[in-house]
Amino acid sequence: MRFFDRWLKGIPNDADREPALIWFERDYVEPEPFPEVVPGRWRATSAYPHPSVAVREWRFTGGSLPLVGGLVGATEGADATEAADGDPAGVDRYRHRPTVGTRAALSWGAGGPPNGLARDLRPDEALGPTYTSAPLTTAVEVLGVPEVVLHLAVSAPIATAVVRLADVAPDGTSAQVSAGILNLTHRRSHERPEALEPGRIEEIRIALRPAGYRFAPGHRIRVSLASAAWPVIWPSPFPAEFELHRGAATPSRLILPVVPRAGGPGDVAVPAFKTTPPDEPKVGGEGSADEPIWRISTDVVVGSVTVTIHDGGEDVLDDGRRLYSAETMTLTASDADPARASLDADVIYRWRDGDLLAEIRARSTQTSDAEAFHLVVALEVDLDGEPFFSRTWDESIERRLV
């Protein structure tokens, strides 16, 4: 409000003298979906980008095992001008796996159960290429937008690249720091997507989500690649082989905006403000919550992965009126047939006010094939237990490079 008072109302309150950016710099914590505390520290700077930010690069290299590569340039604070030491040209090949991604967060954001954060990423990472630095000898503190540059060739006209940046603890646990997703038909423009030319090597730049994070000494930095982020994004429709090219002529690499340690050049004092967690929001009266569900199951016979989610509960207002709402979703993707995925959703609202009972229920099914998405929605409204209104929608939508 002080910002709006100063710049919209013209009220002098010294808001223009406050730090340009205040951020929370996270530390490593063993990954779990619903952490109670995230360790780290508050920091502030007089300008953004940070006045002392340095752009540093880590190049992808090969390793002793297929798809298990390295990051050269991460240790000893290598800067953006440092070339990868002795990195021979190489190609890492991996295939489209539509069901990969269930170790990450349930949604692109996060919240209360069942919308949890990423767990240990290693089971997902084992299904695609990874590039991991040597143990760090000094801390690497990131502020800004990490970027990954990939030199990719894909065998299909439509494909997706998913990149995850992780902090690897000394015991091998891989904790997500940030992630980026790009439909590769949008590699040049979101306004004018275009199909890939199968087999052609292209430079792809993928911006990851902004991060404020401290990689501790002894930890390692890891980049992992995949073709899917199930169930966050719908799988691309075609079987595909990916070729990740690396080396002097095709320098696939990680680019990080790195700042000095807390209290170093460019930092300013952090203003005093409340940092304790707020109380749980309450509408009023009493209520109850359904048991949240976040269930992942694998059908080994058909090669599919199904994610089931449920969230719901009832609020009771002080005057006795009740509102129950719930949503259940079942999402299935298949490695055997990438084009065929499905989402079944069931949403219900039930309102009770004295003798009045109103219930609204929407059931929907979304499926896909290589050409289109197919959507069926059935809406039913009951009043005091009797049908009041109903309607069904049934339509297909062309995929259009999705």
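FYI, it's all coordinate maths here, none of it is from the lab. Being a predicted model, the structure only gives us computed values, none of them experimental. Cβ coordinates were reconstructed from backbone atoms using ideal geometry, including for glycine residues, and neighbour counts include every protein chain displayed.
Side notes on the structure shown:
- Mean residue ellipticity (222 nm) of the chain, computed from DSSP H runs ≥ 4 via -39,500 (n - 2.57), nearest 500: -500 deg cm²/dmol
- Leading residue at positive end of dipole, the chain (Cβ point charges), from F373, A166, G101: A166
- Sequentially through segment 253-262, phi angles give Karplus couplings (6.51, -1.76, 1.60; θ = phi - 60°) of 7, 9, 10, 10, x, 10, 10, x, 4, 3 Hz, Gly and Pro residues having no value and appearing as x.
- Extension gain, E243-A134: 0.36 nm per intervening residue step, less the Cα-Cα distance, totals 36.8 nm.
- The simple Förster model, with R0 at 41 Å and r as the Cβ-Cβ distance, assigns V145 and T298 a FRET efficiency of 0.75.
- Residues within the reach of a label modelled at E291 (point 7 angstrom out along Cα to beta-carbon, backbone nitrogen below 20 Å), restricted to segment 10-54, are 33-34.
- In a DSSP loop and with at most 14 other Cβ atoms within 10 Å, the GluC sites (Glu not before Pro) in segment 1-79 are E36.
- Exposure rule at most 14 other beta-carbon atoms within 10 Å, DSSP loop chymotrypsin sites (Phe, Trp or Tyr not before Pro): the chain longest free segment: 109-272
- Neighbour cut-off at most 10 other Cβ (10 Å), DSSP loop, trypsin sites (Lys or Arg not before Pro), segment 175-205: R200
- Within segment 5-43: backbone nitrogen closer than 20 Å to the T276 label point (7 Å, Cα to C-beta): 36-42
- Total charge dipole magnitude, the chain, about the Cα centre, Cβ charges on Lys, Arg, Asp, Glu only, Debye to nearest 20: 1460 debye
- GNM flexibility winner over the chain from T137, T392, T102 (Cα, springs under 10 Å): T392
- Inter-label distance, R188 to L65: 3.9 nm, where each label sits 7 Å from its Cα along the C-beta direction.
- Potential lengthening of the chain between E395 and E32 amounts to 126.7 nm, from the contour at 0.36 nm per residue minus the alpha-carbon distance.
- Every Cα-Cα pair of the chain was included, and the share exceeding 37 Å stands at 36 percent.
- Taking the chain and dividing mean pair separation by its residue count, relative contact order in percent (alpha carbons under 8 Å, at least six apart): 16 percent
- The residue list P51, S178, Y131 was ranked by how far each Cα lies along the charge dipole of the chain toward its positive end, using unit charges on Cβ atoms, and P51 comes out on top.
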